[in-house]
Amino acid sequence: MRPSKTVPTNVNSVRPADIKLVMALGDSLTAANGAGAEDAVAVFLQYRGLAFQAGGDGTLDNHITIPNILKKYNPKLFGYSVGIGSPNVWEISYLNVAVPGAIAADLPGQARTLVSLLHNHPETLQPSECVQHIQDAIQIIYDNVPRVIVSVTAMLQLEILRQSDKGRPWCKDLHKCARHRTPIIHQFQDGQVNREFFAPDCFHFSQWGHALVSSWLWKNILEPVGAKTTKGSADEPSLPLACPDPACPFIRTNANSKDCSEYLTPTAGN
């Protein structure tokens, strides 16, 4: 699919091929801690290139991520992270400024760091406080980055049950020591937990987990508001990968989901 003939100035008319930069804020899930780990010690490594929403290791043929999908539409896409490393290593993290252990209160600072990078390179919270911090971070992006779409990935389903600990004594002991954290558990119809989804610490995503989440997130991005998939599979990726609707070939928004006709624009070469 070709990009728009002219750079879109309306967020409701953005095609996947129009996207030139990807950027990310977040915590250890966005930094992809342990995604490629084969033992518990390696969970401390940040496999940023495998992160579902910001990683660009390899190609779509060998690992599904949002950037690897977008590279199919725009090979010149920039900003995705590659390899293993911390957020202060530009050649690794690029515009993925997620910091392991970060909380909502850290997001405005991450947003400022992100804005600074763009310029330099042509306590337990109440829910209301978390919302405000996230809103502050988004506003910082809006105020400083022109023509941007912010995709907010909500928390995954959290359950207290330590089902992922079964058969993994190290995980069980770790979770006893970290009572302020709740592992992400994906329940199967047969009541079993897919351990391949997790890194060795039974909390962070494995490479497979990041790929699986990417496929469902991409599907969600292209679905109209009001008809988005609300339940994905923790066992199988959403394949074949979703493609833009020819009748509304844009990243879906509230406005273009109601009436896409007024936002249709010509593509390059037409």
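The numbers here are math on the coordinates, done by the rules we state, and not lab data. All values derive from a computational prediction rather than experimental measurement. Glycine also receives a Cβ, built like all others from the backbone with ideal geometry; neighbour counts cover every protein chain displayed.
Residues in the stretch 79-94, backbone N under 16 Å from the label point at residue 62 (7 Å along the Cα-to-beta-carbon vector): list them, ranges by number please. Flagged as within label range: 82-84. The simple Förster model, with R0 at 51 Å and r as the Cβ-Cβ distance, assigns residue 228 and residue 6 a FRET efficiency of 0.95. Distance between the 7 Å Cα→Cβ label points at residue 21 and residue 78: 0.9 nm. With R₀ fixed at 45 Å, the C-beta to C-beta distance from residue 90 to residue 196 puts the FRET efficiency at about 0.90. For the stretch 1-143, the gyration tensor built on C-alpha atoms gives an oblate shape. Its axis ratio a/c (a ≥ b ≥ c) is at least 1.5, and a/b is not larger than b/c. Taking amide H atoms as placed 1.01 Å from N in the peptide plane, the amide H of residue 33 lies under 5 Å from those of 47, each 5 or more residues away in sequence or on another chain.
Packing around the peptides 213-225, 50-62, 130-142, 256-268, taken as the average count of other Cβ atoms within 10 Å per residue, puts them in this order, highest first: 50-62, 213-225, 130-142, 256-268. For residue 245, the residues 5 or more places off, or on other chains, whose built amide H falls under 5 Å of its own are 250. Among 206-212, 237-243, 105-111, the peptide with the highest mean count of other Cβ atoms within 10 Å heads the list, and the full ranking is 206-212, 105-111, 237-243.
Amide H contacts of residue 198 (H built 1.01 Å from N, in plane; Pro and chain starts excluded): 206 sit under 5 Å, all sequence-distant by 5 or more or on other chains.
Our summary gives the stretch 206-248 a relative contact order of 46 percent, counting only alpha carbon pairs under 8 angstrom and 6 or more residues apart.
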